[in-house]
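Below is one structure, written out as structure tokens, with a few remarks after it.
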Amino acid sequence: MLRIGMLTSGGDCQALNAAMRGVYKSIMENAKEPVEFYGFLDGYKGLMYSRFRLLTAGDFKGLMTQGGTFLGTSRVPFKTIHEPDEEGHDKVAMMKQTYYKLQLDCLVMLGGNGSHKTANLLSEEGLNVVTLPKTIDNDLWGTDMTFGFQTAVDIATRAIDEIHTTAFSHGRVFIIEVMGHKVGWLPLNAGMAGGADIILLPEIPYDINKVIECIEERDARGDRFSIIAVAEGAISKKDAKLSKKEYKKKLAKSEFPSVSYEIAAEIQKATGREVRVTVPGHTQRGGQPCPYDRVFASRLGAEAGKLILKKQYGFMVGYKNREMVKVPLKEVAGRLKTIDPNAEIIKEAKMLGICFGD
Ligand code: F6P
């Protein structure tokens, strides 16, 4: 008997269900022994508090087009993992206890950055763990691509596309704030696809005067409007000089709900132009996965199945240089994949006239 536990952890994204279906199908089609699948509810919390369901074929039907995760998810910050829970229980010990109680052969974890730190810890504690890279942010080290990312790019691009007509009608400056946490993959790709004139990324701190200059140049050329794609984690050159603590303090005191509103106020003040901010927010994580993500997540699921059947544990399945790879969890945990400001894509975008505010 092969007993497999599965959980989804951290912020959800599209194609989580497709990925879990991929794991299930590949195991069921190829295992040479009976298999039991246990689904832990709401992420690591399910593993901690032994909240699970024995999954059957019916659970995996009709999943390809469904966004979200049928198991539910939650955030259990890694920095609190060694702190006892509200009742004083050791979180890591509880997770191990559930794993051993169910006599699991392996735990499959679908998660992003923080979740991989916990997965690595559990692997170091002796559990058999295989993971899949999920996040709209595409910021996981060890893989060129994460599932959810392409669908989020589609959604954020559509948000930018739809702003163009109203921006033209009113001759306004529009800021579209794009998710991505502390990295700029999503805003860069959606910004380029949506024809943004200015793209501000966490990896390239901006000078607000350069942004204003760019808008004024467009005005002088007779362009009626300007579109700015701002990463939610964008930061000014001035703020980038602050220590982490000082920057946090500044944000806590700020009158603006996010960096986009601060930029909007500065542009409005300097140019007298009407500026509007649009925040698509969690719509970027919602709805159906795009066909690319369905195929990609299914392939990752099948690769995870392959590892489990070969009893190869302690890896994340990744995608590097157009090939599926297995990456040791200890290499993934705690490392961010950021954009190199000198990357070809940035140079090309600059050649196309896109301003990065640097
Ligand atoms: O990591 C995915 C992500 O959507 C980020 O892009 C964003 O910063 C964050 O999660 C939002 O988290 P929450 O859903 O907890 O508000």
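The values are calculated or read from the model by the stated rules, or taken from the named source; none is laboratory data. Predicted model only: the values in this text are computed from it and were never measured. When we count neighbours, we look across all protein chains shown, and the Cβ atoms used for this are built from the backbone with ideal geometry, even at glycine. SASA here: full protein model, heavy atoms, side chains in, ligands and nucleic acids out. Shrake-Rupley method; radii C 1.70, N 1.55, O 1.52, S 1.80 Å.
Being without any contact (Cβ under 8 Å) to a residue 60 or more places away in the chain and more than 20 Å from A265 (Cβ to Cβ) narrows it down to one residue among E216, E246, E255; which is it? Step through it out loud before you land on a result.
Numbers: E216 fails: more than 20 Å from A265 (Cβ to Cβ); E255 fails: more than 20 Å from A265 (Cβ to Cβ).
Criteria check complete, one pass: E246.
Kindly indicate whether any position in the stretch 78-89 is assigned to a helix (DSSP H, G or I), more than 25 Å from L186 (Cα to Cα), out of contact with any strand residue (DSSP E or B) (no Cβ under 9 Å at 6 or more places or on another chain) and open to solvent by 20 Å² or more (accessible area, probe 1.4 Å). Lay out the reasoning, then the answer.
Taking the stretch 78-89 as the starting set, the residues that turn out to be assigned to a helix (DSSP H, G or I) are 78-80.
Restricting the remaining residues to those that are more than 25 Å from L186 (Cα to Cα) gives 79-80.
Remaining after also requiring out of contact with any strand residue (DSSP E or B) (no Cβ under 9 Å at 6 or more places or on another chain): 79-80.
Filter again for open to solvent by 20 Å² or more (accessible area, probe 1.4 Å), leaving 79-80.
Within the stretch 78-89, one or more residues are assigned to a helix (DSSP H, G or I), more than 25 Å from L186 (Cα to Cα), out of contact with any strand residue (DSSP E or B) (no Cβ under 9 Å at 6 or more places or on another chain) and open to solvent by 20 Å² or more (accessible area, probe 1.4 Å).
Of these, N128, N138, which one is open to solvent by 20 Å² or more (accessible area, probe 1.4 Å) and either under 16 Å from M20 (Cα atoms) or in the same structural domain as Q14 (by TED's automatic domain parsing) (or both)? Steps first, please.
Numbers: N138 fails: open to solvent by 20 Å² or more (accessible area, probe 1.4 Å).
Being open to solvent by 20 Å² or more (accessible area, probe 1.4 Å) and either under 16 Å from M20 (Cα atoms) or in the same structural domain as Q14 (by TED's automatic domain parsing) (or both) holds for just one of N128, N138, which is N128.
Would you mind listing the strands (runs of 3 or more DSSP E) fully within the stretch 259-339 where at least 2 residues are over 25 Å from I4 (Cα atoms)?
275-278
Which pairs have Cβ atoms under 8 Å, sit 6 or more apart or on different chains, and link a residue in the stretch 276-301 that is under 15 Å from R21 (Cβ atoms) to one that is of a type outside the set (A, V, I, L, M) and surrounded by fewer than 16 Cβ atoms within 10 Å (Cβ to Cβ)?
Q288/T65; P289/T65; R294/T65
In the stretch 141-153, what count of residues is obtained for those that are open to solvent by 10 Å² or more (accessible area, probe 1.4 Å), within 16 Å of the ligand (Cβ to nearest atom) and in a loop (DSSP other than H, G, I, E, B)?
Looking only at that region, the number is 2.
Could you please find all residues in the stretch 31-55 being aromatic (F, W, Y), closer than 29 Å to E86 by Cα and open to solvent by less than 60 Å² (accessible area, probe 1.4 Å)?
Filtering the stretch 31-55 for residues aromatic (F, W, Y) gives 37-38, 40, 44, 49, 52.
Still in the running and closer than 29 Å to E86 by Cα: 38, 40, 44, 49, 52.
Within the stretch 31-55, Y38, F40, Y44 meet the criteria.
Criterion first (closer than 25 Å to Q312 by Cα, more than 16 Å from the ligand (Cβ to nearest atom) and part of a loop (DSSP other than H, G, I, E, B)) does L63 satisfy it?
no
Residues that are away from the ligand (no atom under 16 Å from the Cβ) and open to solvent by 10 Å² or more (accessible area, probe 1.4 Å), at least 1 per element: which strands (runs of 3 or more DSSP E) completely within the stretch 154-250 meet that? Walk me through it before giving the result.
Numbers: elements: 173-178, 198-200, 226-231.
Ranges flagged: 173-178.
Which residues, counting only those in the stretch 34-60, are closer than 26 Å to R299 by Cβ, in a loop (DSSP other than H, G, I, E, B) and without any contact (Cβ under 8 Å) to a residue 24 or more places away in the chain?
Result: T56, single match.
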